[in-house]
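I have placed the structure first, in the form of structure tokens, so that the comments after it can refer back to it.
The values are calculated or read from the model by the stated rules, or taken from the named source; none is laboratory data. What you see is a predicted model; the values in this text were computed from it and never measured. So basically every Cβ, Gly included, is an ideal-geometry build from the backbone, and we count neighbours across all protein chains shown. Accessible surface areas use protein heavy atoms only, side chains included; no ligands, DNA or RNA. Shrake-Rupley method; radii C 1.70, N 1.55, O 1.52, S 1.80 Å.
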Amino acid sequence: MLEKTYDAAAIEPRIAAEWERAGAFKAGAGAKPDAPSFSVVIPPPNVTGSLHMGHALNNTLQDILVRYHRMKGDAVLWQPGTDHAGIATQMVVERQLMERQQPGRRAMGREKFLETVWKWRDESGGTIIRQLKRLGASCDWSRERFTLGRTESDQMSRAVIKAFVDLHRDGLIYRDKRLVNWDPKLQTAISDLEVQQVEVKGSLWHFRYPIEGEEGRFIVVATTRPETMLGDTAVAVNPEDERYADFVAAHRAGKPVMVRLPLVGRLIPIVADEYPDPEAGSGAVKITPAHDFNDFEVGRRHNLPKINLYDAESNLVLRANPDFLAGLAPTPELEATIAALDGMDRFNARKRVVAMLEERGLIEKIEPYTHTVPHGDRSAVPIEPFLTDQWYVDAKKMAVPALAAVRDGTTQFVPRNWEKTYFDWMENIQPWCISRQLWWGHQIPAWYGPDGKAFVATEAAEAERAAAQHYGKPTALKRDEDVLDTWFSSGLWPFSTLGWPDETPELARYYPTATLVTGFDIIFFWVARMMMMGLHFMGEAPFSEVYIHGIVRDERGAKMSKTKGNVVDPLDLIDEYGADALRFTMASLATPGRDVKPARARIEGYRNFATKLWQASRFCELNECPVGVPFEPETAKETVNRWILTEANRAVAAVEAAIGAFRFDEAAGTAYRFVWNTYCDWYLELIKPTLGGPEGEAKTETRRTAGWVLGEILRLLHPFMPFITEEIWAKLPPASARPLPLLAISPWPDSGFEDRAAAAEINWLIRLVEEVRSVRAETNIPAGAQIPVVVSDASAETRERLARHQAAIARLARVNEVQLAKSAPSGSAQIVIGEAIVSIPLAGLIDLGAERARLAKETDRLTKEIGKLDAKLGNPEFVAKAPEEVVEEQRERREDAALRIDRMQAALARLPSS
RNA sequence: GCGGGCUUAGCUCAGUGGUAGAGCGUUCCCUUGACAUGGGAGAGGUCAGAGGUUCGACCCCUCUAGCCCGCACCA
């Protein structure tokens, strides 16, 4: 016997354990022979992470798809795992070391540090996996993968090494000295995508740079980063800029005008270049090629020296910096500058440089200035463009097939608009910097000879062989210390998790995957890279569909963030309302192209829905309705039963269509309405008289129908609410007699049953009951009072229906007597149902004033409608141009309205005047 | 600056070239044997504004206003 109420907290863990014990989620579990495969790779959550609302949404949607396909009998694999998250993980462990006052990473050394990180991962890395299980995610947990292998011979590491080596061999990975986004706090390069533009209120400093040989003449340059002036190697002006025509001419003549760089004394040229915007500021720009991306390009065009001013922590290096000192006379000014600034960090250096220029009267003005400054997304400190050697992927080449696959529809974005975002990025893609100056990650498989030549190989021995050949003798090599960007390994996820580079049966069966479900925030980070890698290594795009869902926001629409303190923990919601309620909420809110704002009231509503389902199940149990046993809908004779069987089939078809179109909201809504508004509100109410009546064929059939439809409901809802449905399935008799013990691997409903006549009849009945109830309420008939009704003008069909459903009408409309009459009795409230009139005689029950008001209101509404319809039908163009059936429909509606008005008027006339 | 999205009931959101819908909230009634985490009945909307296309526009097009989100960016 089901408990009086559903206790999610007690039941969910038990159900989860049963799924696990039965291996219900193992790849291919429950699949029909020769079934098509349906595989999904989880967007691997960060090992350092814990479940947030975004994960709850993302994984709910995946689970709905996966459970649905599993029930359809497909060979399903939902591949789980986590991401080693290089920077984030290393930060977590370093912070922990600091808190415990243990030696830091560098003091500890690489090997020891990595041991510590692995230890941390083994202890804490499983958190999010456990949380996903609480959500009900039906991944094949036995296949859990991690983007980083414990040793380089582990398959996940072999995959990365092979990918690197192959791409290098194919010329798609190369080493280059370029400006990178340098994070001075984490002391590593990061990719463009890991840079966040932050609006900062700063200043714009205008400096006077003295023109050499023209005493008292200056050129004014403006900058937001004064400290970089130490590395200036030119001033640029636009060739079109009239103000600087003489400088431009000098430059063109090959004898550029020189500027004496203050504080440093370096002579630097004024060059003409398209880059400066004559409209902006003074039109002259100081050029620091080693510390600015635009200046780097200008420097390249004019062959300017690049003076790197910083060490890895962005402290100024002046005295021990040959590039800086090159060509400088050892003046007292230079010495003073070095003494004042050498070793200083960039922020203090800025203040000091400004002060020093101020003293010399070289500051024209300082304007308050708001601009965007790039920050590291992990460290939150300003990024410093920094000149270093790094490894790059030639993303532009790899993007070509990745673009084509989406263009030709091999891979489709849902909603389609996201294609544009994907195209825009892919078409303007920059070289992808993949080396990171970290320890936690895949160490780059490159070894350097004494002259710096790189040998890329899958292992040291191979590199050494290549080196021996190259140098003509065995040569000691040094391995690259850096590791690869985590996304490099994530890009291989759809096939590395299936065993690649080994040729496994899983790889053959489950690649390419079917659908990728993810948020738009990682289209670039992850989706694009998987497309590139998948096409390159597997020759096929990794998925046929990419379903992009929205971002979860708080109830007011703000993005959830720890700093705002508006983060809602999905685990709290699960504790409070149950995982099923949270999941159903997520599904209901997952409308395409829209962000998700889960309101507590909404979750509560779906918790109530779970309760409703539970109560309906108790009802079936109490009434001995068998669930999950074979039943042929065609054998049903009772109209209500044929009706609910029809409606159930329609609901299943609608849910199926919605899931197929990724309309999770519609799927959830359809299921919700069918269960609550059709099955509970009407079907169970309609069959109560039968179930409470004498034993017999009708009662037996009704029990079996009610139980069978409940079974269909459990299956229908299972992808959305797996726990409660599984629990009811397990508890309701005859549970032990079923061939398949678990709902999770039971077949998806598919009756195909349809009886339109039965549907029409019951819909008539429902309308009758609703109308009577409505009149009762509006004319203030006491809710408990039993009333008689008189039906006039009834057709034979209506009379039959009345007889067939007398018990239901009596119960649902509180009608104690149905009389048939030739005409409506006077002094009664009247309802028009089709051709018939249902009258509720006064008998002192009806509030006459209320009834008059009701009729007047209804008449008014109908009159307005007729007015509108007449205007339409009176328009000759409408009649001429609108489709036949539309015109016909309007005519019918007009006739119907006119008929109803007549009846209302007649009823009004029959009311006694007070 | 470029691109995308949004504006429909008090709130959160569906929606279709031809009667404007749901959930929550709200009002009234109901301790009826599955369920008060419930049942029944209501109220509530110039579909942001202005033009255009059309027989007909909430829907298609243009503009305007407001809000949101990406991407890029000026020293």
Item checked: Lone unmet requirement of (1) farther than 29 Å from A:Pro825 by Cβ; (2) touching a residue at least 24 places away in the same chain (Cβ under 8 Å); (3) exposed (fewer than 12 other Cβ atoms within 10 Å of the Cβ) for A:Glu892 -> (2)
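Check A:Glu701, A:Glu754 and return the single one that is open to solvent by 10 Å² or more (accessible area, probe 1.4 Å), modelled with pLDDT of 95 or more and either touching a Gly at 6+ places or on another chain (Cβ under 9 Å) or more than 20 Å from A:Gly23 (Cβ to Cβ) (or both).
On the way: A:Glu754 fails: modelled with pLDDT of 95 or more.
Matching residue, one of A:Glu701, A:Glu754: A:Glu701.
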Note to self: I want to confirm something. Restricting to segment A:458-475 and keeping residues that are free of Cβ contacts under 8 Å to residues at least 12 places away in the same chain and charged (D, E, K, R), which single residue is farthest from A:Trp447 (Cα to Cα)?
What the structure shows: A:Lys473
Next item on the list: Check off (1) within 16 Å of RNA strand B (Cβ to nearest atom); (2) touching a residue at least 24 places away in the same chain (Cβ under 8 Å); (3) touching a Leu at 6+ places or on another chain (Cβ under 8 Å) for A:Tyr683 and give me the number that stays unchecked.
Entry: (3)
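Test A:Arg106 against the stated conditions and say whether it is free of Cβ contacts under 8 Å to residues at least 40 places away in the same chain and closer than 30 Å to A:Gln62 by Cβ. Step through it out loud before you land on a result.
On the way: free of Cβ contacts under 8 Å to residues at least 40 places away in the same chain: yes; closer than 30 Å to A:Gln62 by Cβ: no.
Spelling it out, it is not the case that A:Arg106 is free of Cβ contacts under 8 Å to residues at least 40 places away in the same chain and closer than 30 Å to A:Gln62 by Cβ.
Could you please let me know if A:Gly216 is assigned to a loop (DSSP other than H, G, I, E, B) and either in contact (Cβ under 8 Å) with a residue 24 or more places away in the chain or open to solvent by less than 10 Å² (accessible area, probe 1.4 Å) (or both)?
Working: assigned to a loop (DSSP other than H, G, I, E, B): yes; either in contact (Cβ under 8 Å) with a residue 24 or more places away in the chain or open to solvent by less than 10 Å² (accessible area, probe 1.4 Å) (or both): no.
For A:Gly216, the condition - assigned to a loop (DSSP other than H, G, I, E, B) and either in contact (Cβ under 8 Å) with a residue 24 or more places away in the chain or open to solvent by less than 10 Å² (accessible area, probe 1.4 Å) (or both) - is not met.
Let's see how each residue does on (1) in the same structural domain as A:Leu848 (by TED's automatic domain parsing); (2) within 16 Å of RNA strand B (Cβ to nearest atom); (3) out of contact with any Lys or Arg (no Cβ under 8 Å at 6 or more places or on another chain); (4) within 30 Å of A:Asn649 (Cβ to Cβ):
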site	(1), (2), (3), (4)
A:Asn763	yes, yes, yes, yes
A:Glu770	yes, yes, yes, yes
A:Arg776	yes, yes, no, no
A:Val790	yes, no, yes, no
A:Ser795	yes, no, yes, yes
A:Leu802	yes, no, yes, yes
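Kindly state which strands (runs of 3 or more DSSP E) lie completely within segment A:235-297 and contain at least 3 residues that are closer than 26 Å to A:Glu367 by Cβ, open to solvent by less than 20 Å² (accessible area, probe 1.4 Å) and away from RNA strand B (no atom under 12 Å from the Cβ). Before the answer, list the steps.
Values: elements: A:258-260, A:267-272, A:284-287.
Here the list reads A:267-272.
Is it true that A:Pro694 is within 15 Å of RNA strand B (Cβ to nearest atom), open to solvent by 60 Å² or more (accessible area, probe 1.4 Å) and farther than 30 Å from A:Asp595 by Cα?
Numbers: within 15 Å of RNA strand B (Cβ to nearest atom): yes; open to solvent by 60 Å² or more (accessible area, probe 1.4 Å): yes; farther than 30 Å from A:Asp595 by Cα: yes.
The answer is yes for A:Pro694.
Counting only residues that are β-branched (Val, Ile, Thr) and in the same structural domain as A:Gly784 (by TED's automatic domain parsing), give me the helices (runs of 4 or more DSSP H) lying completely in segment A:833-914 with at least 2 of them.
Numbers: elements: A:848-874, A:876-881, A:884-910.
Answer list for segment A:833-914: A:848-874, A:884-910.
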Next item on the list: Scan segment A:130-174 residue by residue and report those that are assigned by TED's automatic domain parsing to the domain that holds A:Leu65, open to solvent by less than 20 Å² (accessible area, probe 1.4 Å), over 19 Å from A:Leu438 (Cα atoms) and not in a helix (DSSP H, G or I).
Entry: A:Gly136, A:Ala137, A:Ser138, A:Cys139, A:Asp140
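Could you list, in sequence order, all residues of segment A:201-213 that are more than 10 Å from RNA strand B (Cβ to nearest atom) and surrounded by fewer than 21 Cβ atoms within 10 Å (Cβ to Cβ)? Reasoning before the result, please.
To start, the set of residues in segment A:201-213 that are more than 10 Å from RNA strand B (Cβ to nearest atom) comprises A:201, A:203, A:208-213.
The answer is A:Lys201, A:Ser203, A:Arg208, A:Pro210, A:Ile211, A:Glu212, A:Gly213.
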Item checked: Test: residue in segment A:473-486 that is surrounded by fewer than 22 Cβ atoms within 10 Å (Cβ to Cβ) and either at positive phi or in a strand (DSSP E or B) (or both) -> yes
Note to self: Restricting to segment A:554-578, count the residues that are at pLDDT below 75 and either within 12 Å of RNA strand B (Cβ to nearest atom) or open to solvent by 80 Å² or more (accessible area, probe 1.4 Å) (or both).
What the structure shows: 11
Next item on the list: Considering only segment A:641-679, state which residues are open to solvent by 10 Å² or more (accessible area, probe 1.4 Å), touching a residue at least 60 places away in the same chain (Cβ under 8 Å) and within 14 Å of RNA strand B (Cβ to nearest atom).
Entry: A:Phe662, A:Arg663, A:Asp665, A:Gly669, A:Tyr672, A:Trp676
Notebook entry, point to check: Which residues, taken from segment A:592-604, are near RNA strand B (Cβ under 6 Å from one of its atoms) and modelled with pLDDT of 85 or more?
Noted result: A:Arg602
Next item on the list: Quickly run through segment A:528-553 and pick out the residues that are within 13 Å of RNA strand B (Cβ to nearest atom) and in a helix (DSSP H, G or I).
Entry: A:Ala528
Next item on the list: All but one of (1) more than 10 Å from RNA strand B (Cβ to nearest atom); (2) open to solvent by less than 40 Å² (accessible area, probe 1.4 Å); (3) not in a loop (DSSP other than H, G, I, E, B) hold for A:Arg300, so report the exception by its number.
Entry: (2)
Checklist line | Residue among A:Leu710, A:Leu732 that alone is on the phi < 0 side of the Ramachandran plot, touching a Cys at 6+ places or on another chain (Cβ under 9 Å), at pLDDT below 95 and not acidic (Asp, Glu) | finding: A:Leu732
Check: Do we have any residue at all in segment A:873-888 that's surrounded by 12 or more Cβ atoms within 10 Å (Cβ to Cβ), within 13 Å of RNA strand B (Cβ to nearest atom) and charged (D, E, K, R)?
Finding: no
Margin query: Go through (1) under 48 Å from the mean Cα position of the chain (by Cα); (2) more than 21 Å from A:Glu778 (Cα to Cα) for A:Leu862 and report which single condition fails.
Written below: (2)
Margin query: Return the residues of segment A:358-400 that are more than 14 Å from RNA strand B (Cβ to nearest atom) and more than 22 Å from A:Asp192 (Cα to Cα); say none if nothing qualifies.
Written below: A:Glu358, A:Glu359, A:Arg360, A:Gly361, A:Leu362, A:Ile363
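Okay, residues lined up against (1) open to solvent by less than 70 Å² (accessible area, probe 1.4 Å); (2) modelled with pLDDT under 90:
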residue: A:Ala758; (1), (2): yes, no
residue: A:Arg773; (1), (2): no, no
residue: A:Glu778; (1), (2): no, yes
residue: A:Ala785; (1), (2): yes, yes
residue: A:Val789; (1), (2): yes, no
residue: A:Asp793; (1), (2): no, yes
residue: A:Glu797; (1), (2): no, no
residue: A:Leu802; (1), (2): yes, no
residue: A:His805; (1), (2): yes, no
Notebook entry, point to check: When you scan segment A:335-444 for strands (runs of 3 or more DSSP E) that lie fully inside it, which ones turn up with 1 or more residues that are small (Gly, Ala, Ser) and surrounded by 14 or more Cβ atoms within 10 Å (Cβ to Cβ)?
Noted result: A:363-376
Check: What number of residues in segment A:77-95 are part of a helix (DSSP H, G or I) and either among the aliphatic types (A, V, I, L, M) or open to solvent by less than 50 Å² (accessible area, probe 1.4 Å) (or both)?
Finding: 8
Checklist line | Filter result (surrounded by fewer than 22 Cβ atoms within 10 Å (Cβ to Cβ) and assigned to a loop (DSSP other than H, G, I, E, B)) within segment A:597-625 | finding: A:Lys597, A:Ala599, A:Asn623, A:Glu624
